[in-house]
Amino acid sequence: MKILKKNQLIILVISLMLMTAGYLNFTSQDVEKENLAALGDATLVSGNAIENEVVENIIENNVTEEENISVTKNKEENNNENNIEETNAVITNTEEETDNYFVQSKLERENMYSQILETYQEIYNNINSTAEQKSEAINKITEMNNEKNAIMIAENLVQAKGFEDIVIFSNSNSISVIIKAEKLEAEQIAQIQNIISRELSVGVELINISTK
């Protein structure tokens, strides 16, 4: 009887141990499931945060690139406008310099004639001048005045042909003609030569024409 009780006690203890082990195993599995669920939530949250950050970075980069492109375009447009303004300024300055050249050249020519005429006039008026000197002086005065008038007439006639401006210089052995034009056609050169040859009574071979 004692043996039986002892065996029953052993069986009872073993049963209790098995039940305890099963309970602990079940409890451990629940904890692991909860931890796995929590880990999954945490991973999901972390993944969403990373995705949002990536999207925000992409948007920021796109906005920055668009701003850089816009700034670059504005700089290019400003540079183009500045280049155009500088080019126009150069063209304007060149035209002004050309206009000033013709005005200044005619003034210098007029001053030259005035000085020469004044010199001959002084010779003619000088009481110490001989009759021959006075005669030569009056001939030179007449010649210079005729040349001045002929040059003015020739310049006006050339401009009447459609040329913007012209200046003529009469030298001892040649006539220098400067025309305001980029280039001259052969027919235009012939027109200018005919007018100057007729008005100044010189041969065509003595007329030198250039453009400015």
*asked:* Just to be sure I understand the filter: pairs with C-beta atoms under 8 Å, separated by 6 or more residues or on different chains, first member in the stretch 149-175 and over 17 Å from Asn208 (Cα atoms) and modelled with pLDDT under 95, second member assigned to a loop (DSSP other than H, G, I, E, B) and of a type in the set (A, V, I, L, M, F, W, C). Which pairs pass?
replied: Glu164/Ala181
*Hits in the stretch 129-177 (condition: among the acidic types (Asp, Glu), over 23 Å from Asn100 (Cα atoms) and in contact with a strand residue (DSSP E or B) (Cβ under 9 Å, 6 or more places away or on another chain))*: Glu147
_Checking the condition within 16 Å of Arg109 (Cβ to Cβ) and either without any contact (Cβ under 8 Å) to a residue 60 or more places away in the chain or of a type outside the set (A, V, I, L, M) (or both), which residue from Asn139, Asn145 passes?_
Asn145
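The values are calculated or read from the model by the stated rules, or taken from the named source; none is laboratory data. All values reported here derive from a predicted model rather than from experimental measurement. All Cβ positions, glycine included, derive from the backbone under ideal geometry; neighbour counts span all protein chains shown.
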